[in-house]
Amino acid sequence: MAVDKFPIEASHIRMFAHAIGDDSPVFSDARVAREQGFDAVPAPPTFAVADVHFDPESPLRRRSRNAAAAAPSGGGTGLHAEQHYEYHRPLHAGDVLTKVSFPGETWEKEGRRAGKLVFSETISEYRDQTGELVLTARMVGVRTERPVEAQG
């Protein structure tokens, strides 16, 4: 999966900070950001999750009702288990990122109620407009072998 362009705009940073309940002026005022040592308004640490809005293939984007109805049923379930970010430098307003994702490690564990649990990593590298690696993200997902049976 690749995102061709993920622009980081000051208004997006301000809205994201508001949505996560962080009212620090560093995320809305360039003067405050400079006073705190940033080159421009920085993005909050988890801001990179907003890239799904720029990736038309992202499974996290909302699909039409017909697409949801056509989704396969049965089998196990999956969930997002972990997320790790390694920043090589802060993300700033004005950056335009590209993202390339590739599979990481996969491992299994026997679950008590849903059978085998399969864990898999997805590694994403974000590069800025100059090609510099600015962020490496590692997401771990887990899929169960079968639905969890109801406890009585």
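The values are calculated or read from the model by the stated rules, or taken from the named source; none is laboratory data. This one's a predicted model, so the numbers in the text were calculated from it and none came from an experiment. Please note: Cβ atoms are built from the backbone with ideal geometry, for glycine as well, and neighbour counts cover all protein chains shown.
If I go through region 96-125 residue by residue, how many of them are more than 26 Å from ILE13 (Cα to Cα), not in a loop (DSSP other than H, G, I, E, B) and not hydroxyl-bearing (Ser, Thr, Tyr)? Steps first, please.
Our first condition is that a residue be more than 26 Å from ILE13 (Cα to Cα); within region 96-125, this holds for 102-121.
Within this subset, residues satisfying the condition of being not in a loop (DSSP other than H, G, I, E, B) are 102-110, 116-121.
Retained after the next criterion (residues that are not hydroxyl-bearing (Ser, Thr, Tyr)): 102-105, 107-110, 116-119, 121.
The total comes to 13.
Quick check on my filter: what residues within region 19-36 are under 18 Å from ILE8 (Cβ atoms) and either touching a Leu at 6+ places or on another chain (Cβ under 6 Å) or assigned to a loop (DSSP other than H, G, I, E, B) (or both)?
Scanning region 19-36 gives ILE20, ASP22, SER24, SER28, ASP29, GLN36.
Out of curiosity, is HIS92 surrounded by 12 or more Cβ atoms within 10 Å (Cβ to Cβ) and at pLDDT 90 or above?
Values: surrounded by 12 or more Cβ atoms within 10 Å (Cβ to Cβ): yes; at pLDDT 90 or above: yes.
So HIS92 fits the description; yes.
Go through (1) surrounded by 12 or more Cβ atoms within 10 Å (Cβ to Cβ); (2) modelled with pLDDT of 95 or more and name the single condition PRO103 misses.
Failed condition: (1).
Would you say VAL148 is β-branched (Val, Ile, Thr) and either without any contact (Cβ under 8 Å) to a residue 24 or more places away in the chain or assigned to a strand (DSSP E or B) (or both)? Walk me through it before giving the result.
Details: β-branched (Val, Ile, Thr): yes; either without any contact (Cβ under 8 Å) to a residue 24 or more places away in the chain or assigned to a strand (DSSP E or B) (or both): no.
When the stated conditions are applied, VAL148 does not pass them.
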